[in-house]
Amino acid sequence: MAPPAEVLAVRGLSKTFPGVRALDDVDLTLHAGEVHALIGENGAGKSTLIKLLTGVHRPDAGDIVFLGRDVSFATPLEAQRAGISTIYQEVNLIPLLSVARNLFLGREPRNRLGLLDFARMNREAEEALRAYGVRVDVRRPLRSLGVGAQQMVALARAVASEARIVIMDEPTSSLEPREVETLFSVIRRLRDEGIAVIYVSHRLDELYAVCDTVTVLRDGRRVHHGRLAELDRLSLVSTMLGRELGEVRKEGLTKFTGDHHATDGQPVLEASELTVPHQLHGVSVSIRPGEVVGLGGLLGSGRTETAKAISGALPTTSGTVMVAGAPLRRGSTPAAIRAGISLLPEDRKSEGIVPGLSVRENISLAVLPRLSRFGLVSEARVDSIVDTFIERLRIKASSPQQKVGELSGGNQQKVLLARWLAMNPKVLLLDEPTRGIDVGAKAEVQKLVDELAADGLGVLLISSDLEELIEGSDRVVVLKDGAVVGELAGDEVTEDKLMRTIAGHAPDRDAVEEAATDG
Amino acid sequence: MAEAALKTVPLDRTRILQWLQTYGVYAGVALLLVVNTVITPHFLSAENFRTQAVQVAPVIIVALGMALVIGTEGVDLSVGAVMALAASVTALYLGYGLVPALLVVAVFAAAVGFANGALVAFIGVQPIVATLALMVGGRGLALVLLPQLEDLRNPALASLGSGDVLGIPYLILIAAVLAGLVAFVVRRTTFGRQLLAIGDSRPAAQLAGLPVRRVLIVVYVVCALLAAVAGVLATARLQASDPTSLGNLMELSAITAVVVGGTPLTGGRVNIAGTVAGAVLIQLLTATLIKHDLPPSWTQIAQAIVIVCAVYAARGRGKR
């Protein structure tokens, strides 16, 4: 049998942005039916490479040979027409149009009069989506679907347009495990059909589950390429980070030390019986000073909602929140912040950072009234706080005046942490603090959480990364469908127990009862 | 060869657009000054500058408030109506003296601003719709209070409109002081920073615990108060209260000044110096065309071209 045909050959690709050499002499070869992992820390050049392949940017040097022809796409549309489809991290479809319209956007079936053939469109859309495990009324507007289902529509759309290469940029960041499985089966089907896939992800499990080959980028250069099976996890991480293998192994895969000394004192936060119609049904969580409490559960189990309800951002219909023994006014974010609750939101880009403002202004945003007299900002006090945190959290920015929107994800997250730490909080609610940030920054954030807990802060940790949740938490409260279904403490905090509790095996009746009486 | 040439063009173009976005409005003002010096007789006279400045002062004052509102990703269409309302109320209460009349004007304006702000902040109506309601209603109220033009004979009001300090008209002084004040508020106060944060990302501002509603309401009240100041000053200059036509299309002039001055409609940034220059640019452009006896329709077309250029430059920057 002849080896599979070469679909894509990239030679010596380079791209420079003002002040940054984003991509430096990178090669990449892709064969039909190959699932290729593209990995690297943030700022390694993954996004740039993808943007060059899909016609968003033009390379400064190098060639892109696609299906044997030298190509230079002027626009993403041109690349898509030629057969390179891309699924981005954030769903980029039109929320108000129906599912079917989204699926066929730009290539709608027409009847003899040249009008849209809705009947055919809906029928074909339904068939196409069934293959992705999405069973919905395709006439409903897209936004009525969950994020995971929307992602599947985006995937179906990309694949349906007769792609030869499908590029997936962190496709699983908003998917539930079940949906991830569907995605993988779709990827395997693509492979069998001879379609090449470029798969970008920070999740190592997924890479090993589905990818054949790997390219590792670091600082805009290709530092490794080859078969993924020949590279074990630790080598992969160390190649990505450019650190010595021994060092990484010694420190484990997360930066958590795993041994906090939760004081036996009064809880610093006591949330009891929080109820939000259709979202939370009497959720209770308590956190002692110095304790990291994890919230476990699947997507949509109410983890984010719990954090938001505690911080006053999501109005509750009943339930109370006590901070250090004092009750909190319901549904007021400013009141919660004054009481010492800080929330690092899940959606960093749209709810966390203020992208157009500088690092300095973002850090000082919440604490500003405290640094002001009669509404006049004391620039000197702002500068001193900002400088302190830039140094302490090692925020990498060209200057405090740089716009936060221009920073990498990890640095944006650190800016947000700085914003809250400047407030001297008692309780930190961290909703997916390391999602979508590079391995190095992830380790730093994890280490920081450890240090903060050691300093006596109460921390609520939400993470879809099981490893992070298990190693980072002293206790894990497990949610399912908006209610507490179990609590793991001490030696029970293991991946196995957690998954069994989520799956509903209720391994430990005591834990459930304890959680119920705790509130 | 042709290919190489093509490749260098986009880079230069973005650079030119960025330059235009930042300095275009000042360059435009400078260009008009130079051109007029050459082609317009008596352009360089003090009298002419004085006339231009007095004419543009109300627009600048209204545009300052508009810039703040646009900084929160809003827009205020009711400023012209507030000017008319200010004119009516001034006429009605001038009998009690100038200061009491001004206080009543402030109360009315603040009420309109509060209504705008409350609709936007509490009920969540889009700013364009909320202020449209007040634009129609406000002028209606102005006409109910004072159905037709009324001559005003009040020496204090007259001196406000035409008096001066060391040869500089009060109008210009007031506009300058207000511009300085607003620029200071934007740069140096918590309110200014919070306003920009809300305009850039309202969900983030909310989660950061900023008093979003309070800031929005204050912004609309300030905008209405500034429009009222402009209305009173324009009335003082006319020495007549004219609620039918005073402030007509002022909202559009103000938005034009703000946009031409480089403040994006998407919020999060406020350029006060640019806004002042934007108003001056439009004023000079209009004056130039009128002095050379071109019909008013030409002025409108010229304005349109300036707006399109400004928007084009802004777009170039938005894409980075």
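The values are calculated or read from the model by the stated rules, or taken from the named source; none is laboratory data. Treat the numbers as computed from the prediction; the structure is a model and nothing was measured. Backbone-built Cβ (ideal geometry, glycine too); neighbour counts: all protein chains shown.
How many residues does the stretch A:353-382 contain that are part of a helix (DSSP H, G or I), at the interface with chain B (Cβ under 7 Å from one of its Cβ atoms) and in contact with a strand residue (DSSP E or B) (Cβ under 7 Å, 6 or more places away or on another chain)?
Qualifying residue count, the stretch A:353-382: 1.
Are any residues in the stretch B:137-192 touching a strand residue (DSSP E or B) at 6+ places or on another chain (Cβ under 7 Å) and under 30 Å from A:ARG373 (Cα atoms), and if so, which ones?
Answer for the stretch B:137-192, where residues must be touching a strand residue (DSSP E or B) at 6+ places or on another chain (Cβ under 7 Å) and under 30 Å from A:ARG373 (Cα atoms): B:LEU173, B:ARG188, B:THR189, B:THR190.
I want to confirm something. Restricting to the stretch B:137-172 and keeping residues that are of a type in the set (S, T, N, Q) and part of a loop (DSSP other than H, G, I, E, B), which single residue is nearest to B:VAL89 (Cα to Cα)?
B:GLN148
Mind checking whether some residue in the stretch B:264-280 is in contact with a Ser or Thr (Cβ under 8 Å, 6 or more places away or on another chain), crowded, with 24+ Cβ neighbours inside 10 Å, under 17 Å from B:ALA142 (Cβ atoms) and not basic (Lys, Arg)?
Scanning the stretch B:264-280 turns up no residue that is in contact with a Ser or Thr (Cβ under 8 Å, 6 or more places away or on another chain), crowded, with 24+ Cβ neighbours inside 10 Å, under 17 Å from B:ALA142 (Cβ atoms) and not basic (Lys, Arg).
Restricted to the stretch A:331-348, and to residues that are touching a residue at least 40 places away in the same chain (Cβ under 8 Å) and not aliphatic (A, V, I, L, M), which residue is farthest from A:GLU305 (Cα to Cα)?
Checking each candidate, the answer is A:GLY340.
Criterion first (in a helix (DSSP H, G or I) and surrounded by fewer than 24 Cβ atoms within 10 Å (Cβ to Cβ)) does B:LEU68 satisfy it? Before you say what the answer is, go through the steps one by one.
On the way: in a helix (DSSP H, G or I): yes; surrounded by fewer than 24 Cβ atoms within 10 Å (Cβ to Cβ): no.
No, not satisfied.
Could you tell me which residue of the stretch A:137-188 is modelled with the lowest pLDDT, considering only residues that are in a strand (DSSP E or B) and crowded, with 18+ Cβ neighbours inside 10 Å?
A:ASP169
B:ARG153 passes all but one of (1) within 26 Å of B:ALA101 (Cβ to Cβ); (2) modelled with pLDDT under 95; (3) under 22 Å from the mean Cα position of the chain (by Cα); which number fails?
(3)
Mind listing whichever residues of the stretch B:254-305 are under 20 Å from B:ALA30 (Cα atoms), touching a residue at least 12 places away in the same chain (Cβ under 8 Å) and of a type in the set (Gly, Ala, Ser)?
Across the stretch B:254-305, the qualifying residues are B:ALA257, B:GLY261, B:GLY262, B:ALA273, B:GLY274, B:ALA277, B:GLY278, B:ALA279, B:ALA287, B:ALA302.
Just checking, how many residues over the stretch B:202-251 are of a type in the set (Asp, Glu) and out of contact with any Ser or Thr (no Cβ under 8 Å at 6 or more places or on another chain)?
0
Here is a check on your reading of the model: is A:ALA74 modelled with pLDDT of 85 or more, farther than 30 Å from A:ILE437 by Cβ and not in a loop (DSSP other than H, G, I, E, B)?
On the way: modelled with pLDDT of 85 or more: yes; farther than 30 Å from A:ILE437 by Cβ: yes; not in a loop (DSSP other than H, G, I, E, B): no.
Here the answer is no, as A:ALA74 does not meet what is asked.
Restricting attention to the stretch A:40-66, and to residues there that are modelled with pLDDT under 90 and of a type in the set (A, V, I, L, M, F, W, C), which single residue is surrounded by the most Cβ atoms within 10 Å (Cβ to Cβ)?
That would be A:ALA44.
Need the failing condition index for A:GLY55 against (1) under 21 Å from A:VAL200 (Cβ atoms); (2) away from chain B (no Cβ under 14 Å); (3) in contact with a Phe, Trp or Tyr (Cβ under 8 Å, 6 or more places away or on another chain), just the number.
Among (1) under 21 Å from A:VAL200 (Cβ atoms); (2) away from chain B (no Cβ under 14 Å); (3) in contact with a Phe, Trp or Tyr (Cβ under 8 Å, 6 or more places away or on another chain), A:GLY55 violates only (2).
Given the criteria among the charged types (D, E, K, R) and surrounded by 22 or more Cβ atoms within 10 Å (Cβ to Cβ), does A:GLU406 qualify? Give the derivation first.
Numbers: among the charged types (D, E, K, R): yes; surrounded by 22 or more Cβ atoms within 10 Å (Cβ to Cβ): no.
So A:GLU406 fails the test.
Consider A:ALA131 against the criteria (1) at pLDDT below 80; (2) in contact with a strand residue (DSSP E or B) (Cβ under 6 Å, 6 or more places away or on another chain): it satisfies all of them except one. Which criterion is unmet?
(2)
Check whether at least one residue in the stretch B:120-136 is more than 14 Å from chain A (Cβ to nearest Cβ), at negative phi, assigned to a strand (DSSP E or B) and not hydrophobic (A, V, I, L, M, F, W, C), and report yes or no.
No, because not a single residue in the stretch B:120-136 is more than 14 Å from chain A (Cβ to nearest Cβ), at negative phi, assigned to a strand (DSSP E or B) and not hydrophobic (A, V, I, L, M, F, W, C).
Going by the conditions given, is B:PHE114 hydrophobic (A, V, I, L, M, F, W, C), in a helix (DSSP H, G or I), surrounded by fewer than 21 Cβ atoms within 10 Å (Cβ to Cβ) and modelled with pLDDT of 95 or more?
So B:PHE114 fits the description; yes.
Kindly establish whether B:VAL177 is aliphatic (A, V, I, L, M), farther than 30 Å from B:GLN55 by Cα and more than 10 Å from chain A (Cβ to nearest Cβ).
no
Need the failing condition index for A:VAL65 against (1) within 23 Å of A:VAL7 (Cβ to Cβ); (2) touching a residue at least 60 places away in the same chain (Cβ under 8 Å), just the number.
If we test A:VAL65 against (1) within 23 Å of A:VAL7 (Cβ to Cβ); (2) touching a residue at least 60 places away in the same chain (Cβ under 8 Å), just (2) comes out false.
Among the candidates A:ILE462, A:ILE437, single out the residue that is outside the structural domain of A:LYS396 (by TED's automatic domain parsing) and at pLDDT below 85.
The match here is A:ILE437.
When you scan the stretch A:177-192, do you find a residue that is within 19 Å of A:VAL439 (Cα to Cα) and outside the structural domain of A:ILE462 (by TED's automatic domain parsing), even just one? Quick ask: steps written out before the conclusion?
First, pick out the residues of the stretch A:177-192 that are within 19 Å of A:VAL439 (Cα to Cα): none.
No - not one qualifying residue is present in the stretch A:177-192.
Does A:GLU179 fit the bill of being under 20 Å from A:VAL99 (Cβ atoms), of a type in the set (Asp, Glu) and within 20 Å of the chain's Cα centre (by Cα)?
Spelling it out, A:GLU179 is indeed under 20 Å from A:VAL99 (Cβ atoms), of a type in the set (Asp, Glu) and within 20 Å of the chain's Cα centre (by Cα).
Please go through the stretch A:317-339 and give me each residue that is assigned to a loop (DSSP other than H, G, I, E, B) and surrounded by fewer than 20 Cβ atoms within 10 Å (Cβ to Cβ), ordered by number.
A:THR317, A:ALA324, A:GLY325, A:ARG329, A:ARG330, A:GLY331, A:SER332
Which residues, counting only those in the stretch A:340-352, are at the interface with chain B (Cβ under 7 Å from one of its Cβ atoms) and in a strand (DSSP E or B)? Walk me through it before giving the result.
Keep residues of the stretch A:340-352 that are at the interface with chain B (Cβ under 7 Å from one of its Cβ atoms), which gives A:343, A:345, A:350-352.
Of everything in the stretch A:340-352, just one residue is at the interface with chain B (Cβ under 7 Å from one of its Cβ atoms) and in a strand (DSSP E or B), namely A:LEU343.
All but one of (1) buried (at least 19 other Cβ atoms within 10 Å of the Cβ); (2) of a type outside the set (D, E, K, R); (3) away from chain B (no Cβ under 14 Å) hold for A:LEU77, so report the exception by its number.
The single condition A:LEU77 does not satisfy is (1).
Find the strands (runs of 3 or more DSSP E) located wholly in the stretch A:455-502 whose residues include 1 or more that are among the charged types (D, E, K, R), and list them.
Where strands (runs of 3 or more DSSP E) fall fully within the stretch A:455-502 and carry at least 1 residues being among the charged types (D, E, K, R), they are A:475-480, A:483-489.
Kindly state which helices (runs of 4 or more DSSP H) lie completely within the stretch B:196-291 and contain at least 2 residues that are closer than 22 Å to B:LEU178 by Cβ and either within 13 Å of another protein chain (Cβ to nearest Cβ) or not aromatic (Phe, Trp, Tyr) (or both).
By residue number, B:212-238, B:250-260, B:272-291.
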